[in-house]
1. Just add up the charged neighbours of residue 277: K/R +1, D/E -1, any other residue whose Cβ is under 15 Å from the Cβ of residue 277.
2. To the nearest 0.05, what FRET efficiency results for residue 126 and residue 25 with a Förster distance of 25 Å applied to their C-beta separation?
3. Going through the stretch 76-138, which GluC sites (Glu not before Pro) have at most 13 other Cβ atoms within 10 Å and a DSSP loop state?
4. Tell me the net charge near residue 152. Cut-off is 14 Å between Cβ atoms, residue 152 excluded, with +1 for each Lys or Arg and -1 for each Asp or Glu.
5. So if I place +1 on the C-beta of Lys and Arg and -1 on the C-beta of Asp and Glu, and nothing else carries charge, what would the dipole magnitude of the chain be about its Cα centre? I want it in debye, nearest 20.
6. Of 102/131; 92/127; 92/232, which sit over 22 Å apart, Cα to Cα?
7. Considering only 53, 204, 22, whose Cα is most displaced toward the positive end of the charge dipole of the chain, charges sitting on Cβ of Lys, Arg (+1) and Asp, Glu (-1)?
8. Looking at 286, 269, 234, which one has the Cα that reaches farthest to the positive end of the dipole of the stretch 231-299 (charges on Cβ: Lys, Arg +1; Asp, Glu -1)?
Amino acid sequence: MKDRRRTEERLAASRTLDCMTAGEIVRLMNREDRTVAAAVGRESAAIARAVDAIVHGMQRGGRLIYVGAGSSGRMALLDATECPPTFGISPKTVLALIAGGKRALTEAVEGAEDSARNGERDLRAEKLSRKDVVAGITASGTTPYAVGAIEYARKRGAVTVAITSNRSSPIARVAKIVIAPETGAEVLTGSTRLKAGTSQKMVLNMLSTAAMVRLGHVYENLMIDVAPTNKKLSRRGVQILAEASGQKMPTAEHALRQAGHDLRVALVMLKMGLGAGEAKRRIDACGGDLRRALARGASK
């Protein structure tokens, strides 16, 4: 039976790939990569629906759980691990499950992605809830590990999302929300770490970033909840506060110390001319909504 997966087709423009110069290969890859953003753009409505589902779930105490194998799983883990330092959230809020576990991050684990039961097992271990959103990531749309996880999540009543480059695929048929940027054949036949992988990273960036923005972890376009886990991020926190408040760096740094290194409290202090205690009470009274806290202060 002929394999009908678009990601496994041969790209006509690269049939002489092994005879091309380095410059020709690079230019060809660049031309193909330009098509990825348009493919993702055509999925904007589905991506937005998934973001709304993630926000709704997290507002009720749920999580976003990515599930993938191989390159897809590694892409998921990259996005998940960036969320805590960027948005100041718990590492348990956005999770990534990869077929084969931690070992699969650096090497191929034989047969790990071929078991649908393993996908179910790993979700069971995380005590999946109806409040959670599970996103299965697979370029082909056929990876048993991801498909099995989505089937189990659906049975458990969780919102399910498929991220695939093949709209007519098993995972697309079982997920509630389907995000399918059809990136087509790869320059290197079947190597979905290329265009398909790029589209996955773009989609995951949109899901996590847009959800965190909607949940209030961003002020204007600044990372107001950034976690100061190292010197670089500590300096960035002061810069963010200075930019958001319109104050000079020394003033921002002093306020941040008084606020116990809480950027939100420090921002309300500087904008409203309040002490740390009053600024914190104002934020708490607004349910943590920074925009409301600042608007409330301005209206008085």
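Any read-out appearing in this document is the output of simple, stated calculations on the displayed coordinates, not a laboratory observation. Just so you know, these numbers come straight off a predicted model, no measurement behind them. When we count neighbours, we look across all protein chains shown, and the Cβ atoms used for this are built from the backbone with ideal geometry, even at glycine.
1. Working: positive: 257, 264, 280, 281, 282; negative: 262, 278, 284.
Charge balance in the 15 Å sphere: +2.
2. The computed FRET efficiency comes out at 0.05.
3. Answer in residue order: 107, 110.
4. Its environment carries a net charge of +4.
5. 900 debye
6. The answer is 102/131; 92/232.
7. Going by the charge dipole, the pick is 53.
8. Looking along the dipole axis, the top candidate is 234.
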